[in-house]
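Read the structure below first, then the notes.
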Amino acid sequence: MIRISSLPLIQNPGQFYAAEHILLVDVLFVGDTPRQMREYIKNTHGGFIHDKKTYIPITLTGTPESLLANAGKPILFKFDHGFENHYHFDGNLNAAIWHKKLYNISALANQPSIQFEREEEFIIARYLSNHREYMEPVTPETLLTIPAKSPSIGVQAMKGFKPVRE
């Protein structure tokens, strides 16, 4: 059994592209289900209950290229009694790194099956309790950037003035 909290975290795009295999960890909000269904999902599918809402930890493994190739494609989770939900990675690599969702599992690549320990407290603390929305950083304009519209100096005569004749 592997502890997700002990895996090396990917902290920049260079580490992401250099990894042979990666692990994407997130949580799926299953819904405000009745108590019986919450208990069923918790016991059967590895879910947990936080603030009377049911969540399931999601672990997706693969290469960096496969993760980006499947960005935006929903992954359907079907439960019994016709209950289903879907998860999709939007492809925003910077947001996934900022939210600490990506781990390097290149050392575990040759194992036939990978199983993770249930770390409910770790997942709740990292992905639910301290969750903040990712804001794209705004790059300030510097003096070295080219303006969007270059000013045209000396093309038009100024009003009220006449050209000087020699």
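Read-outs: derived from the displayed coordinates by stated rules, not from any lab. As the structure is a computational prediction, the values presented were derived from the model and not from experiment.
Students often forget the sequence filter, so: which aspartates and glutamates lie under 15 Å Cα-Cα from LYS73 once same-chain residues fewer than 8 apart are removed?
Straight-distance partners of LYS73: GLU65, ASP90.
Tell me, what is the percent relative contact order of segment 4-129, built from C-alpha pairs under 8 Å that lie six or more residues apart? The partial results should precede the final answer.
Values: 175 pairs, mean separation 46.3, N = 126.
Relative contact order for segment 4-129 comes out at 37 percent.
Collect residues whose amide H, placed 1.01 Å from N in the peptide plane, falls under 5 Å from the amide H of PHE116; neighbours closer than 5 in sequence don't count.
ILE2
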